[in-house]
1. Out of the helices (runs of 4 or more DSSP H) lying entirely within region 49-143, which hold 1 or more residues that are within 16 Å of ligand 2 (Cβ to nearest atom)?
2. Give me a count of the residues in region 392-408 that are part of a loop (DSSP other than H, G, I, E, B) and closer than 16 Å to residue 419 by Cα.
3. Restricting to region 235-253, and then to whatever is surrounded by fewer than 18 Cβ atoms within 10 Å (Cβ to Cβ) and within 14 Å of ligand 1 (Cβ to nearest atom), can you tell me which residue is farthest from residue 146 (Cα to Cα)?
4. For the structure I just gave you, tell me whether residue 241 is in contact with a strand residue (DSSP E or B) (Cβ under 7 Å, 6 or more places away or on another chain), small (Gly, Ala, Ser) and assigned to a helix (DSSP H, G or I).
5. Taking the stated definitions as given, is residue 258 open to solvent by less than 20 Å² (accessible area, probe 1.4 Å) and under 19 Å from residue 309 (Cα atoms)?
6. Go through (1) open to solvent by less than 10 Å² (accessible area, probe 1.4 Å); (2) on the phi < 0 side of the Ramachandran plot; (3) more than 15 Å from ligand 2 (Cβ to nearest atom); (4) in contact (Cβ under 8 Å) with a residue 40 or more places away in the chain one by one and return the number of the condition residue 40 breaks.
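The values are calculated or read from the model by the stated rules, or taken from the named source; none is laboratory data. As the structure is a computational prediction, the values presented were derived from the model and not from experiment. When we count neighbours, we look across all protein chains shown, and the Cβ atoms used for this are built from the backbone with ideal geometry, even at glycine. All accessible areas refer to the heavy atoms of the entire protein, side chains included, with ligands and DNA or RNA removed. Shrake-Rupley method; radii C 1.70, N 1.55, O 1.52, S 1.80 Å.
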Amino acid sequence: MSSRPCLFVVLAAGKGTRMKSSLPKVLHKIAGQSMIAHLLTTASEVGGDIAVVVAPDGDAVAAEATRIVPDAKIFVQASQRGTADAVLAAKPALEQHGGADVVVLFADTPLVRPEVLARLRAALDAGSRIAVLGFNPKDPTGYGRLLRSGDGALIGIREEKDATAAEKKIGLCNSGVMAFRVPDLTGLLSRIGDANAKGEYYLTDSVAVGGEMGVRATVVECRADDVLGINTREQLAEAEAIWQARARSEMMRNGVTMIAPETVWLSFDTQIASDVTIEPNVIFGPGVTVEEGAQILGFCHVERSIIGKGVRLGPFARLRPGARLGENAHIGNFVEVKNTTVGVGAKANHLSYLGDGDVGAGANIGAGTIFCNYDGFNKEKTEIGEGAFVGSNTSLVAPVKVGKDAYIGSGSVITKDVSPGALALSRSAQEERPGWADKFRIMMTRRKAAQKNKS
Ligand code: UD1
Ligand code: CA
């Protein structure tokens with residue numbers, strides 16, 4: 001590890017026009033979290049002070065940055081005149097960190113891993129004064145190309161728009177991630193001009209300018225998936241796929257079984273313990289914790305929920321915010337649970353809605369049970385006591401309590417509290433008319449025959 005402190009300068013002032021969106025580019029999400037939040041989480045894992053450069057209308061971006069790193073310093077780039085100009089906007093931070101390494105990151109390049117940043121800084125320790133993270137993308141179109149001398153030293157970076165046909169054939173590209181010593185960078189920035197196709201101040205020109213001043217640059221190569229730059233929605237989807245693949249692999253390494261990992265979608269904060277099995281086609285929204293040994297069967301959709309030890313969920317179950325499933329509970333097909341605690345070993349196996357409730361340990365909720373929690377104005381609570389048995393097709397009109405070990409007859413509409421151990425029934429009494437069905441059939445057969453004869 002380097003002995004010098006580190007300042008990260010995160011550039012997020014670009015317009016992101018290629019996204020065709022009213023949302024700033026760096027607030028678009030990967031795995032349920034904004035690009036810039038992913039990047040800032042990585043930077044704070046590595047450790048160092050963080051400066052973020054935003055556009056004059058970048059309040060939302062600044063707010064997102066300080067949500068993730070409360071003491072990040074925000075700088076405004078008055079007009080978008082290029083990446084070197086953007087770094088200059090953070091000059092006060094550079095001045096405060098005279099003895100530090102500075103790593104420039106692009107908020108639209110959020111997948112870089114901490115170990116890759118550590119390798120980049122190690123190049124400075126090894127004597128380089130500028131270290132550029134380079135990679136070989138499948139398609140280099142749009143990226144700056146890294147120009148090297150015969151002995152492999154980095155001598156320049158050429159933007160696509162300024163490149164000759166020969167330079168465009170170079171496969172090694174600039175990721176945009178660059179590391180400098182602060183005093184070097186300050187000197188280089190003051191010498192960068194805007195004589196290029198876009199008329200912008202390019203940070204990439206620091207390499208050629210450095211060459212003239214005897215400031216040596218090197219390339220540190222990394223995998224393309226670490227430095228995918230996101231300019232379009234297609235690249236956003238590519239980044240999502242990369243992130244998902246990484247997260248699934250990490251989970252499997254930590255003891256989670258996924259039968260078809262490529263069909264399981266995780267969020268940035270999904271927590272899954274060991275010996276959990278996840279069947280195909282499961283979607284985790286944000287805020288989900290799954291405890292040891294739970295089984296999540298196919299086609300479940302879950303968010304902001306806790307799935308306890310040994311729970312069996314699904315297939316086709318939906319957990320909405322605030323579902324808390326106790327140990328060994330069973331929530332089966334076409335059951336929706338929202339803001340409800342389900343006790344240890346309780347079961348709701350078929351076609352039910354449990355909203356704003358509390359289900360005691362060992363209770364059994366029959367098929368088609370509905371917690372009628374909403375009257376169009378207020379949400380009310382349904383409480384089911386331990387060991388209670390709720391018959392199929394019951395409507396529980398909240399607020400209502402069903403006592404411990406009580407029994408509810410199928411098809412009931414329960415509007416009043418039920419005492420512990422009692423049977424509650426609310427449905428019309430059944431009547432029976434002996435022989436009625438036979439007589440009915442004979443009558444109808446005759447009538448049909450008469451109609452046929454007429455026509
Ligand atoms: C940039 C690099 C290119 C590299 C590619 C990697 C330059 C000149 N080009 O091109 O060599 O291959 O990234 O993805 O550096 N930004 C500002 N203010 C500005 C301009 C840009 O803050 O005035 C920010 C953007 O928000 C973005 C980053 O800088 O986070 C890069 O800008 P972008 O316009 O996306 O550059 P690319 O054309 O992708
Ligand atoms: Ca870019």
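1. In region 49-143, 59-68, 83-89 are the helices (runs of 4 or more DSSP H) which contain 1 or more residues that are within 16 Å of ligand 2 (Cβ to nearest atom).
2. 6
3. 238
4. No, not satisfied.
5. Yes; evaluated as a whole, the condition is true for this residue.
6. In the conditions (1) open to solvent by less than 10 Å² (accessible area, probe 1.4 Å); (2) on the phi < 0 side of the Ramachandran plot; (3) more than 15 Å from ligand 2 (Cβ to nearest atom); (4) in contact (Cβ under 8 Å) with a residue 40 or more places away in the chain, residue 40 misses (4) alone.
Yes/no per residue for (1) under 26 Å from the mean Cα position of the chain (by Cα); (2) away from ligand 1 (no atom under 15 Å from the Cβ); (3) crowded, with 23+ Cβ neighbours inside 10 Å; (4) not assigned by TED's automatic domain parsing to the domain that holds residue 38:
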| site | (1), (2), (3), (4) |
| --- | --- |
| 67 | yes, yes, no, no |
| 78 | no, no, no, no |
| 91 | no, no, no, no |
| 110 | yes, no, yes, no |
| 115 | yes, yes, no, no |
| 127 | no, yes, no, no |
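Rundown of residues vs (1) closer than 23 Å to residue 105 by Cβ; (2) part of a helix (DSSP H, G or I); (3) open to solvent by less than 20 Å² (accessible area, probe 1.4 Å), yes/no style:
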{"position": "167", "(1), (2), (3)": "no, yes, no"}
{"position": "170", "(1), (2), (3)": "no, no, no"}
{"position": "188", "(1), (2), (3)": "yes, yes, yes"}
{"position": "193", "(1), (2), (3)": "no, no, no"}
